[in-house]
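Student: Let me begin by handing over the structure; questions about it come next.
Here, each number is a calculation from the coordinates, and none is a lab measurement. These numbers were taken from a predicted model, which means no experiment stands behind them. Positions of Cβ are generated from backbone atoms using ideal geometry, with glycine treated the same way; all protein chains shown enter the neighbour counts.
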Amino acid sequence: MTTRLLQAWNAEAFDADDVPVLPVDEFQQIVADTIAAGARVSSYSGRTDGQRTRVTAVLADDAQGRLGVLSCRVGASWPSLGAECPSIQAFEREIFEQFGVRPEGHPWLKPLRFEPPVNPNVDPWGRVARPTTIPGDYPFFRVEGEEVHEVAVGPVHAGVIEPGHFRFQCHGEHVFTLEIVLGYQHRGVEALLVGGPDRRTVTLLESVAGDTAVGNAIAHANGVEALAGFQIPARASVLRGVALELERLANHVGDLGMMAGDVGFLPTASSCGALRADFLNALAEICGNRFGRGLVVPGGTRFDLDADAASRLADKVQKAWERVEGATRLLFESPSVRNRFDGTGVVSRETCTELGLVGPAARACGVSRDVRRDHATGVFRFLHVPVVTGETGDVFARGWVRRLEAERSVEFVLRQLRALPGGPVRAPCPLPRPGRLVVSLTEGWRGELCHVVETDRDGSFLRYKLVDPSFHNWMGLALAMRGEQISDFPLCNKSFNLSYCGHDL
Amino acid sequence: MDGIPGILQFRLGFGRQTVAYPEGPARFPERFRGLPVLDAREGDGGRAGAAVCPTEAVRDPGGPGLAIDLGRCTFCGLCEEASPGAIRFTGDHRLAARAREGLAVNGSAPLLAAALDERARKLFGRSLRLRQVSAGGCNGCEAELNAAGNVQFDMSRFGVAFVASPRHADGIVVTGPVSVNMREALLKTWEAVPAPRLVIAVGACACSGGIFRDSPVQSNGMPGVPEIPVDLWVAGCPPHPITFIDGVLRLLGRV
């Protein structure tokens, strides 16, 4: 990475003033060059800075385990990098929607979340009153022609799922394009975080995505501990790692069950539904909540396990895993399942790299990328979880990567639970220091969770930027559907299982 | 063993997964936090607990009216930690009420939702089809509602199930603080359900806005959507699947 960037490790705090503020053209040149050289965008966000908008980019160099941070001040418009670097297009739309900075020449400038602008006097879409536009009420991309038809799905779907709108342009069963419109879950998380930390903060972070409560709580805690210059006790670090992997297990096993359900393979669908609960209940054994809420706080963890409880928990996890092995063997050995999984919803390695996909969706394309290895923090610095990749980038690969990853997680959990370090699980964590900035990455079960936190002169949060893995990955789903049959959409969708609330914030 | 014999062997080995509830006990982890029991005369009377509560759910700390509004409570247990003696969470999973204000409790009595009138029980008691509307939450409640239908909790053994269309439904289940962006879709879904219809608000967000309360881009839950009357309020963040099932069965007069 070029020397014009501030280089930092994951969860390493530095003075906010040390972030270089570059002219817009130089900033964009460095971003484009660094991406071309193999880095990816972890975060790219704005905040109000006088009459202008301060944009801060975080570029991750996975091979070196380094993060590059740089910024610029921009006025009412700037040239778009979206065509050159597709992984940036959604970030540019976000900055436009929030701060009115128009990316000139953006390949497709449209609302991202249909949220009101940060400055109510500057509405990027020129709306006069408080925006009443609802997501989905806008001109969709259309394919014209005889026998071309359009299918609209959502925001209220057939199942118990979060709201989103999917618009397909089809010819018979064949899908030309899928356009995904989100924003229905927007509830203003980032705005509520400004001015913290306060009594709401941890619960808010746990509610960014309820199925990733542990992951986001860890990313948050790592971040504010770094801002305070505080090191947690070893036992807390290990318990956090155990909780993170239990969360991954619950979701991966649940996903495999749902994928089985979508191809009508009921033995695995029903058993994985129940087995998922064994991992959720393991979290509840630790902290009382099936999603691990309330467990991770700045300073450590709120709950501990004595040796007996840890050993009992390990036995339960092992027993559950033996059943998962059986249930998933049935799934992947069934010819009717493989017939539906293989070659469906393919994302090429090139597309994956271009879009900056993360998590199992990226690893299924053969892109070896995992925060636990590339930007390790906490217990993962001492105990490495092997990274699993696939080759084919299809539904099968996304399922198989989950299956193998779950196995690595079980090995990790069992090993840790049977050898917990001694000592306390919590120590008082001081408040964040003023004028600091930290980038905190955690490998959640969907992929990289990125928290970029900057404190003001009083040590309060000036800006708390969240990037959910789904923010990068939704476009992957849209492209995976091109040329597929529309009847395979539920299966493709489930194989990604992206978060609406994590995207919409 | 391959093929169908192998599948059957696995299924047999898997055994019965469905919980014993309601005939037998619903087993909860030891640390599960259910109905809180409060005593203003003990410890600091709940003052410190009120100060740390993320959702300002503790009412009248130190006073005779000490109570927790379970419509706001996220069951994080921070108040119990801060005010030992005055606030204690029990393992009682029954946490639903017919009126919103009924969720404000001090634990002196169990929180049991009253049943519908006889006519409504006759209509819905044997078969209740629900349409779920997710309106701006964190997907935690949705995950537990999905779990309520799996082989473990198997809600459909009571004739209760989620359906794909509001036209096929007897009512809706609302989760989330009702984001501005979902408000219209929620109203349309409710209007599409033929009357008479039930409305069930699930989780702290739907009951009060939860942790997102007072954010300008949401409605503070169903109390902020007066067009839609609510028949049952289910507390939790998220409510345990058994808590939801128990609330529905009590509404139907089945337990």
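Student: Normalised by the number of residues in chain A, what is the relative contact order in percent for Cα pairs under 8 Å and 6+ residues apart? Walk me through the numbers on the way to the answer.
Tutor: Working: 1056 pairs, mean separation 94.3, N = 505.
So the answer I get is 19 percent.
Student: First measure r as the distance between the Cβ atoms of A:Asp306 and B:Thr90, then evaluate 1/(1 + (r/R0)^6) with R0 = 30 Å and state the FRET efficiency to the nearest 0.05. Spell out each step's value before the answer.
Tutor: Values: r = 22 Å, r/R0 = 0.74.
So the FRET efficiency works out to roughly 0.85.
Student: Something else now. Jot down the per residue volume, in cubic angstrom and as a whole number, of the convex hull over the alpha-carbon atoms of the protein assembly as shown. Before the final figure, lay out the partial values.
Tutor: Working: hull volume 119.6 nm³, N = 760.
Residue-normalised Cα hull volume stands at 157 Å³.
Student: Same structure, new question: Kirkwood Rh, region B:137-207, all Cα pairs: how many Å?
Tutor: Details: mean 1/r = 0.0767 Å⁻¹.
Mean inverse Cα-Cα distance, inverted, gives 13.0 Å.
Student: Can you work out D for region B:36-92 in µm² s⁻¹ from Stokes-Einstein, where Rh is the Kirkwood radius over C-alpha pairs, the temperature is 4 °C and the viscosity is 1.567 mPa s?
Tutor: Numbers: Rh = 10.6 Å.
In µm²/s, the coefficient is 123.
Student: If you stretched the chain out fully between A:Arg73 and A:Glu350, how much longer would it get, using 0.36 nm times the residue separation minus the C-alpha to C-alpha distance?
Tutor: Values: separation 277, 0.36 × 277 = 99.72 nm, distance 3.20 nm.
Fully extending the segment from A:Arg73 to A:Glu350 adds 96.5 nm.
Student: Also: Could you estimate the translational diffusion coefficient of region A:53-98 from the Stokes-Einstein equation, with Rh from the Kirkwood formula over C-alpha pairs, at 4 °C and 1.567 mPa s, in whole µm²/s? Walk me through the numbers before you get to the answer.
Tutor: Working: Rh = 11.9 Å.
Roughly 109 µm²/s, to the nearest whole number.
Student: Additional query: With the contact rule set at Cα under 8 Å and sequence spacing of 6 or more, what percent relative contact order holds for region B:36-92? Mind showing how you got there, number by number?
Tutor: Values: 105 pairs, mean separation 25.9, N = 57.
Answer for region B:36-92 is 45 percent.
Student: Next up: Just to check I understand the Karplus step: with θ = phi - 60° and J = 6.51 cos²θ - 1.76 cosθ + 1.60, what whole-Hz values come out for region A:30-38, glycine and proline as x?
Tutor: 5, 4, 5, 5, 5, 5, 4, 7, x
Student: Still on this structure, I have one more. Please name which of A:Pro23, A:Ala39, A:Leu6 has its Cα lying farthest along the dipole of region A:1-41 towards the positive end, using unit charges on Cβ (Lys, Arg +1; Asp, Glu -1) and the Cα centre as origin.
Tutor: Going by the charge dipole, the pick is A:Ala39.
Student: Moving to a separate point now. Among residues other than A:Gly459 whose Cβ falls under 10 Å from its Cβ, what is the net charge (Lys/Arg +1, Asp/Glu -1)?
Tutor: Numbers: positive: A:Arg433, A:Arg436, A:Arg457; negative: A:Asp456, A:Asp458.
Around A:Gly459, the surrounding residues sum to +1.
Student: Something else: Among residues other than B:Asp2 whose Cβ falls under 15 Å from its Cβ, what is the net charge (Lys/Arg +1, Asp/Glu -1)?
Tutor: Working: positive: A:Arg329, A:Arg338, B:Arg11; negative: A:Glu333.
It works out to a net charge of +2.
Student: In addition: Going by how many other Cβ atoms sit within 10 Å of their own, how do B:Ile68, A:Ile35 line up, fewest first? It would help to have the intermediate numbers written out before the result.
Tutor: Numbers: B:Ile68 28, A:Ile35 22.
So the residues, fewest neighbours to most, are A:Ile35, B:Ile68.
Student: Can you give me the distance in nm between label points at A:Phe140 and B:Lys188, each placed 7 Å from the Cα along the Cα-to-Cβ direction?
Tutor: Between A:Phe140 and B:Lys188, the label points sit 1.2 nm apart.
Student: Check which residues have an amide H placed less than 5 Å from A:Ser77's amide H, if you skip close sequence neighbours.
Tutor: Under 5 Å from the amide H of A:Ser77: A:Arg102.
Student: Now for a different question. Please give me, ordered by residue number, the chymotrypsin sites (Phe, Trp or Tyr not before Pro) of region B:58-145 that lie in loop per DSSP and have at most 16 other Cβ atoms within 10 Å. Show your work: numbers first, answer last.
Tutor: Numbers: sites: B:Phe75, B:Phe89, B:Phe124; in loops: B:Phe75.
Passing both the DSSP loop test and the Cβ count: no residue.
Student: Once amide H atoms are built 1.01 Å from N in the peptide plane, which residues 5 or more positions from B:Phe162, or in another chain, come under 5 Å H to H?
Tutor: Those lying under 5 Å, H to H, from B:Phe162 are B:Leu130.
Student: Also, I was wondering about something else. What number, in nm² with one decimal, is the all-direction average of the projected area of the convex hull of the alpha-carbon atoms of region B:118-251? Could the numbers behind the result be given before it?
Tutor: Values: hull surface 29.0 nm².
Computing the convex hull of the Cα atoms and averaging its projections yields 7.2 nm².
Student: Kindly provide the helix-only [θ] at 222 nm of chain A, computed as the sum of -39,500 (n - 2.57) over DSSP H runs of four or more divided by all residues, to the nearest 500 deg cm²/dmol? Each step should come with its number before you reach the end.
Tutor: On the way: 16 runs with 200 residues, N = 505.
Rounded to the nearest 500, the figure is -12500 deg cm²/dmol.
Student: Each residue of region B:135-148 in order: what ³J(HN,Hα) in whole Hz does its phi give by Karplus 6.51 cos²θ - 1.76 cosθ + 1.60, θ = phi - 60°, with x for Gly and Pro?
Tutor: So the J values, rounded to whole Hz, are 10, x, x, 10, 6, x, 5, 4, 4, 6, 5, 4, 4, 4.
Student: While we're looking at this one, here's another question. Once a ≥ b ≥ c are taken as the square roots of the eigenvalues of the Cα gyration tensor of region B:57-182, is the result rounded (a/c under 1.5), prolate (a/b larger than b/c) or oblate (a/b not larger than b/c)? It would help to have the intermediate numbers written out before the result.
Tutor: Details: a/c = 2.08, a/b = 1.70, b/c = 1.22.
It comes out prolate by the Cα gyration axes.
Student: How far is helix B:241-251 tilted, in degrees, relative to the longest principal axis of the Cα atoms in chain B, given as a value from 0 to 90 rounded to the nearest 10?
Tutor: Here the helix axis deviates by roughly 90 degrees.
Student: Two decimals is fine: what's Rg over Rh for region B:1-107, C-alpha atoms, Kirkwood radius as Rh?
Tutor: 1.27
Student: What list do you get for B:Tyr21, A:Tyr44, A:Tyr138 if you sort them by fewest beta carbons within 10 Å? Walk me through the numbers on the way to the answer.
Tutor: On the way: B:Tyr21 17, A:Tyr44 23, A:Tyr138 12.
So the ranking, lowest neighbour count to highest, is A:Tyr138, B:Tyr21, A:Tyr44.
Student: Which whole-number value in Å³ per residue fits the convex hull of the alpha carbons of region A:394-495?
Tutor: On the way: hull volume 13.6 nm³, N = 102.
Each residue corresponds to 134 Å³ of Cα convex hull volume.
Student: Something else: Using each residue's phi in region A:99-109, evaluate 6.51 cos²θ - 1.76 cosθ + 1.60 at θ = phi - 60° and report the 3J(HN,Hα) Karplus result to the nearest Hz, with x for Gly and Pro.
Tutor: In residue order, the calculated couplings are 10, x, 7, 7, x, 5, x, 4, x, 7, 7 Hz.
Student: Now for a separate question. Using a simple spin-label model with points 7 Å from Cα along the Cα→Cβ vector, what separation in nm is obtained for A:Val151 and B:Arg16?
Tutor: 4.1 nm
Student: State the three equivalent ellipsoid semi-axes of chain B, derived from the C-alpha gyration tensor as the square roots of 5 times its eigenvalues, in descending order and whole Å. Intermediate results must be reported in sequence, preceding the final value.
Tutor: Numbers: eigenvalues 196, 116, 60 Å².
Result for chain B: semi-axes of 31, 24, 17 Å.
Student: Which whole-number percentage describes the relative contact order of chain B, with Cα contacts under 8 Å and a sequence gap of 6 or more? Before the final figure, lay out the partial values.
Tutor: Numbers: 548 pairs, mean separation 53.5, N = 255.
RCO, chain B: 21 percent.
Student: Now a separate question. Show which lysines lie in cross-link reach of A:Lys110 when reach means a straight Cα distance below 29 angstrom and same-chain residues fewer than eight apart are skipped.
Tutor: The reachable lysines, counting only those whose Cα sits under 29 Å from A:Lys110, are A:Lys465, A:Lys494, B:Lys188.
Student: Which of the chymotrypsin sites (Phe, Trp or Tyr not before Pro) found in region A:374-478 are in a DSSP loop and have at most 12 neighbouring Cβ atoms, other than their own, within 10 Å? It would help to have the intermediate numbers written out before the result.
Tutor: Working: sites: A:Phe380, A:Phe382, A:Phe396, A:Trp400, A:Phe412, A:Trp445, A:Phe461, A:Tyr464, A:Phe471, A:Trp474; in loops: A:Phe382, A:Trp445.
For chymotrypsin sites (Phe, Trp or Tyr not before Pro) across region A:374-478 that sit outside H, G, I, E and B with at most 12 neighbouring Cβ atoms in 10 Å, the list reads A:Phe382.
Student: How large are Rg and Dmax for region A:6-144 when only the alpha carbon atoms are used, in Å?
Tutor: 16.1, 54
Student: Turning to a different aspect of this structure: What's the FRET efficiency of A:Arg52 with A:Ser368 using the Cβ-Cβ distance as r and R₀ = 51 Å, to the nearest 0.05? All intermediate terms of the calculation are to be shown ahead of the outcome.
Tutor: Numbers: r = 39 Å, r/R0 = 0.77.
It comes out at approximately 0.85.
Student: Around A:Cys429, with a cut-off of 13 angstrom between Cβ atoms, what is the net charge of the other residues, counting Lys and Arg +1 and Asp and Glu -1?
Tutor: Numbers: positive: A:Arg302, A:Arg426, A:Arg433; negative: A:Glu225.
Taking every other residue near A:Cys429 into account, the sum is +2.
Student: What is the distance, in nm, between label points placed 7 Å from the Cα along the Cα-to-Cβ direction at A:Gln64 and at A:Asp342?
Tutor: Placing both labels 7 Å along Cα→Cβ, they lie 4.3 nm apart.
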